[in-house]
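**Q** Structure below; questions to follow.
The values are calculated or read from the model by the stated rules, or taken from the named source; none is laboratory data. Predicted model only: the values in this text are computed from it and were never measured. No Cβ is skipped: glycine too gets one built from the backbone with ideal geometry, and neighbour counts run over all protein chains shown.
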Amino acid sequence: MNKTYVSHNNIISSLGFNSAAVVEKVASETTGLELVDDKTILPQPFYASVINKSKLNLAFAEISEDQNRYTRLEKMMLLSLADVVKQSKNTISDRTGLIISTTKGNIDVLENNSKFPKSKSYLSELATTVANFFNFKTQPIVVSNACVSGVLAIAIAKRYINEGVFDEVFIVSGDLVTQFILSGFNSFQALSTEMCKPYSDDRTGINIGEVAASILVTKDKNNLSNEACEIAGDSSCNDANHISGPSRTGEGLFRSAKVALKEAGVKASDIDYISAHGTATSFNDEMESIAFERLGMSHIPLNSLKGYFGHTLGASGLLETIVGMYSLNQNKLFTSLGFSVKGTSAPLNIITKNTSTSLNTFLKTASGFGGCNTAVVFKKFNNQ
Amino acid sequence: MVNKDFDIKAFAYFKDGKISLNGSVLYSSSETELPEILKDIYKKLETDYRKFFKMDVLSKVAFLTADMLLKSQNLASEENDIAVILSNNASSLDTDRNHQNTIADKDNYYPSPAVFVYTLANICIGEISIKYKLFSENSFFIFEAFNAQYLHAYANQLLISKKAKSVLCGWVNVDEEKYEAFLYLVNETNEKGNHTIAEINRLYNN
């Protein structure tokens, strides 16, 4: 079977508008989270990573003159994907797929004061907007599978390429910091009033962030980006346990990682680094520690990037994969920002300072509502 | 890559107050309002499952259709390697609008976790997975309209790569008063070889 690769990529976030700039901020332990006091979003102040509106409009002006036609999320997504299309020097043909990964899309158009039609809340309409902007020839595919969407989208792209439907797939992912999301997570008492502290003893919940992230998935070995990786193995397994709480035994995550490792042809101990989910809720982080112990992976260096970006929902898995690709390329493990003292019953090897070391393989994991879990093994591409 | 086509083992519909399996209507409801239709069909299916009453409309429609189809399959009581790949047009918008109504007015602000958790389309897959102990592959896709080609290719790839032995596929859409479910079960066997795009479209349009 042909190999497939994740290649050219982009991140639009409060830490910068391209992947290299964002990763530089991560490497300097800079967080994009800040205290936001906006009563139109939530009655009380909250920590979030939010993209500056005028910076976004200024950057968007470089690719379109039509500022009023597009929503905030559409601008983020179009800007992100435009960078990847440009880098890849790819001609979009009838063999090119488009995957949109999002949980809520333009959900803010449901607000009473939105100037956009409510029809924009349909995810297929968001997909059509993106497809038309770049002149995609094939029907776009929207993946909306809770918090695993971003990394699941990579597995889905690989599967469609293996099935011969596409030669390459562009993925664009994104979600917003909205009243809808903040009020919902707050009703769950899952929001932290502080900066999030994944895996820590004193963790008190999540922060929400907004990001658009894009990537090219291709079977073509030529013209790959420097940080390109092979998608070596992937799997997505359900907990079959509870719709809003993770399995106490980490069953779905355990099974996902098992299958992904097997397909990649590597042992658990061959993984150099784990880019985990780490939302900083009590149950999620605890569940992950149990799953990784069952996998025999407790000793492998691990981080959560939520301390830099917050939880970026449908974009998080793709965003964190891109940072992981840079980690491998730079042979550098990035600090799990916000970690204080061990706070899970099973051991984890949390990365507490930036470390230079030889890296070849990493495991990306994510878990979400609906009991979903996804694990993907990535191998560094060395022009071998 | 040339593969013999896989088998569609069973298919099911739920629309216009009728729920049918492999082309035969099993139960119909004379109720006119959707919540009443759902309750009625639930009773007729004799699925004693209290969690049903907490579900949102999308999950109820998906759950009842899947329950009828999977019940007919003599499944193992322990666990079953059946992937669940669903799709629709309106995502979870029906429940999204309900959640938005709870937060639109600052003087009448009452967001609830019981509603919010259903503002994700894939929750209905979680509900089916819990009932039938499916620790398997799952994904929820949004398409403009029913897309047999994408569902067909994805199910094929899951079976070929041995990530599932069967795949429960389909379309489950709820949007205001409109609702519709069409599910079909694809098996890794190659006896009938009727898992083709043409056949999926034929079944959907019937």
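**Q** Just give me the residues in the stretch B:4-16 being over 23 Å from B:GLU191 (Cβ atoms) and in a strand (DSSP E or B), in sequence order.
**A** Once the filter is applied, which keeps residues that are over 23 Å from B:GLU191 (Cβ atoms) and in a strand (DSSP E or B), the stretch B:4-16 yields B:TYR13, B:PHE14, B:LYS15.
**Q** Name the one entry in B:ILE130, B:ILE125 that is closer than 20 Å to B:MET68 by Cα and touching a His at 6+ places or on another chain (Cβ under 8 Å).
**A** B:ILE130
**Q** Applying the selection to the stretch B:74-102, what residues are in contact with a Pro (Cβ under 8 Å, 6 or more places away or on another chain) and surrounded by 22 or more Cβ atoms within 10 Å (Cβ to Cβ)?
**A** B:HIS99
**Q** Enumerate the pairs (first residue in the stretch A:39-54 and more than 11 Å from A:VAL177 (Cα to Cα); second residue anywhere and at pLDDT below 95) with beta-carbon separation below 9 Å, excluding pairs fewer than 6 apart on the same chain, so at least 6 apart or on different chains.
**A** Correct list of pairs: A:LYS39/B:LYS106; A:THR40/A:ASN113; A:PRO43/B:LYS106.
**Q** Any residue in the stretch A:248-261 that is in contact with a strand residue (DSSP E or B) (Cβ under 7 Å, 6 or more places away or on another chain), at pLDDT 95 or above and farther than 20 Å from A:GLY370 by Cβ?
**A** yes
**Q** A further question on this structure: Considering the stretch B:169-193 alone, what residues qualify as being of a type in the set (Asp, Glu) and either closer than 16 Å to B:ASN206 by Cα or assigned to a loop (DSSP other than H, G, I, E, B) (or both)?
**A** Selection gives B:GLU176, B:GLU177, B:GLU180, B:GLU188, B:GLU191.
**Q** A follow-up question, please. Can you tell me which residues in the stretch B:147-163 are more than 7 Å from every other protein chain (Cβ to nearest Cβ) and closer than 18 Å to B:ASN194 by Cβ?
**A** Residues satisfying the conditions are B:ALA148, B:GLN149, B:LEU151, B:HIS152, B:ALA155, B:LEU158, B:LEU159, B:ILE160.
**Q** Related question: So which residues in the stretch A:177-189 are touching a Ser or Thr at 6+ places or on another chain (Cβ under 9 Å) and either more than 10 Å from every other protein chain (Cβ to nearest Cβ) or aliphatic (A, V, I, L, M) (or both), if there are any at all?
**A** Once the filter is applied, which keeps residues that are touching a Ser or Thr at 6+ places or on another chain (Cβ under 9 Å) and either more than 10 Å from every other protein chain (Cβ to nearest Cβ) or aliphatic (A, V, I, L, M) (or both), the stretch A:177-189 yields A:VAL177, A:ILE181.
**Q** Pick out, from the stretch A:1-105, the strands (runs of 3 or more DSSP E) lying fully within it that include 1 or more residues that are among the β-branched types (Val, Ile, Thr).
**A** A:5-12, A:34-36, A:96-101
**Q** Right, A:VAL341: in contact with a Gly (Cβ under 8 Å, 6 or more places away or on another chain) and in contact (Cβ under 8 Å) with a residue 24 or more places away in the chain or not?
**A** no
**Q** Let me ask another. Answer yes or no: is there a residue in the stretch A:222-231 that is closer than 23 Å to A:TYR47 by Cβ, of a type in the set (D, E, K, R) and surrounded by fewer than 23 Cβ atoms within 10 Å (Cβ to Cβ).
**A** Among the residues of the stretch A:222-231, not one is closer than 23 Å to A:TYR47 by Cβ, of a type in the set (D, E, K, R) and surrounded by fewer than 23 Cβ atoms within 10 Å (Cβ to Cβ), which makes the answer no.
For (1) part of a loop (DSSP other than H, G, I, E, B); (2) modelled with pLDDT of 95 or more; (3) touching a Ser or Thr at 6+ places or on another chain (Cβ under 8 Å); (4) more than 14 Å from chain B (Cβ to nearest Cβ), each residue gets a yes or a no:
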| residue | (1), (2), (3), (4) |
| --- | --- |
| A:VAL148 | no, yes, yes, no |
| A:ARG159 | no, yes, yes, no |
| A:VAL165 | yes, yes, no, no |
| A:PHE170 | no, yes, yes, yes |
| A:GLU194 | yes, yes, yes, yes |
| A:ASN226 | yes, yes, no, yes |
| A:ILE231 | no, yes, yes, no |
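**Q** Scan A:VAL26, A:VAL6 and give me the residue that is buried (at least 24 other Cβ atoms within 10 Å of the Cβ), farther than 20 Å from A:VAL172 by Cα and not aromatic (Phe, Trp, Tyr).
**A** Selected residue: A:VAL26, the only one of A:VAL26, A:VAL6 that is buried (at least 24 other Cβ atoms within 10 Å of the Cβ), farther than 20 Å from A:VAL172 by Cα and not aromatic (Phe, Trp, Tyr).
**Q** Working only within the stretch A:82-119, note down all residues that are surrounded by fewer than 23 Cβ atoms within 10 Å (Cβ to Cβ), of a type in the set (Lys, Arg) and at the interface with chain B (Cβ under 10 Å from one of its Cβ atoms).
**A** The one that is surrounded by fewer than 23 Cβ atoms within 10 Å (Cβ to Cβ), of a type in the set (Lys, Arg) and at the interface with chain B (Cβ under 10 Å from one of its Cβ atoms): A:LYS118.
**Q** Quick one: in the stretch A:350-384, of everything that is among the polar types (S, T, N, Q) and surrounded by 16 or more Cβ atoms within 10 Å (Cβ to Cβ), which residue is farthest from B:PHE135 (Cα to Cα)?
**A** Residue satisfying both the conditions and the ranking: A:ASN360.
**Q** Looking only at the stretch A:123-145, count how many residues are within 8 Å of chain B (Cβ to nearest Cβ) and in contact (Cβ under 8 Å) with a residue 40 or more places away in the chain.
**A** 5
**Q** To continue, here is another question. Of A:ARG203, A:ARG159, which residue is more than 21 Å from A:THR281 (Cβ to Cβ) and either crowded, with 22+ Cβ neighbours inside 10 Å or not hydrophobic (A, V, I, L, M, F, W, C) (or both)?
**A** A:ARG159
**Q** Looking only at the stretch B:1-29, how many residues end up being farther than 22 Å from B:ALA153 by Cα and out of contact with any helix residue (DSSP H, G or I) (no Cβ under 8 Å at 6 or more places or on another chain)?
**A** Number of matching residues: 9.
**Q** Looking only at strands (runs of 3 or more DSSP E) that lie completely in the stretch A:286-384, which have at least 2 residues being within 14 Å of chain B (Cβ to nearest Cβ)?
**A** Here the list reads A:361-368, A:372-380.
**Q** Determine which member of the set A:PHE136, A:PHE116 is in a loop (DSSP other than H, G, I, E, B) and in contact with a Ser or Thr (Cβ under 6 Å, 6 or more places away or on another chain).
**A** A:PHE116
**Q** With respect to B:GLN149, determine if the residue is part of a loop (DSSP other than H, G, I, E, B), over 15 Å from the mean Cα position of the chain (by Cα), in contact (Cβ under 8 Å) with a residue 24 or more places away in the chain and surrounded by fewer than 22 Cβ atoms within 10 Å (Cβ to Cβ).
**A** no
**Q** Condition test on A:GLY310, is it buried (at least 24 other Cβ atoms within 10 Å of the Cβ), touching a Phe, Trp or Tyr at 6+ places or on another chain (Cβ under 6 Å) and of a type outside the set (A, V, I, L, M, F, W, C)?
**A** Taking the combined requirement at face value, the residue does not satisfy it.
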